[in-house]
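Working notes, beginning with the structure itself.
Where a number appears in this text, it was derived from the coordinates with a stated rule and is not lab data. Computed from a prediction, not measured in an experiment: that's the story for all the values here. When we count neighbours, we look across all protein chains shown, and the Cβ atoms used for this are built from the backbone with ideal geometry, even at glycine.
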Amino acid sequence: MVWENLKKHISEMKPSERTFSGFEFRYKKFDCIGILSIVESDLETSKYGIAKIYVYKNQDLDNCLVVYPSWTDMSISPNITAFYNFFEIETSYNGDHFKELKQTSCRIQIYLFLRIFNLI
């Protein structure tokens, strides 16, 4: 199951009283750092979030992508377009972009994101 490593990682953090976990990864031309937080105040803004992941690229602490994984899915703050903008992924084509994003791309980007963090 896709979320098993994420669930395991979070459940291992709780008994050891760790509230933050960090990851480094390279995506395309970007050197990125992800910080996973299970601090209660970070989870207040997400109804189903089990963690909050802050992603920074190229040492730019003023530009951050925020991701809320839940037990079954993941949401991008403020929306999925933020993921594409943050990683400078080309989104122009002749189809109905937003309809397709809602139906399929969300799963693809969730998988990609978790794979980058080695959580699946």
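Overview of results
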| item | result |
| --- | --- |
| FRET efficiency, 1/(1 + (r/R0)^6) with R0 22 Å, evaluated for Phe23 and Lys47 via beta carbons | 0.35 |
| Mean Cβ count within 10 Å, highest first, over the residues of peptides 12-23, 60-71 | 60-71, 12-23 |
| In sequence order, calculated HN-Hα J values of the stretch 49-61 (Karplus, 6.51, -1.76, 1.60; Hz; x Gly/Pro) | x, 9, 6, 10, 10, 9, 10, 10, 10, 6, 6, 8, 7 |
| Two-site label geometry, Ile89 and Asp73: point separation in nm, points 7 Å out along Cα→Cβ | 1.7 nm |
| Burial ranking of peptide ranges 47-53, 78-84 (average Cβ count within 10 Å, highest at the top) | 47-53, 78-84 |
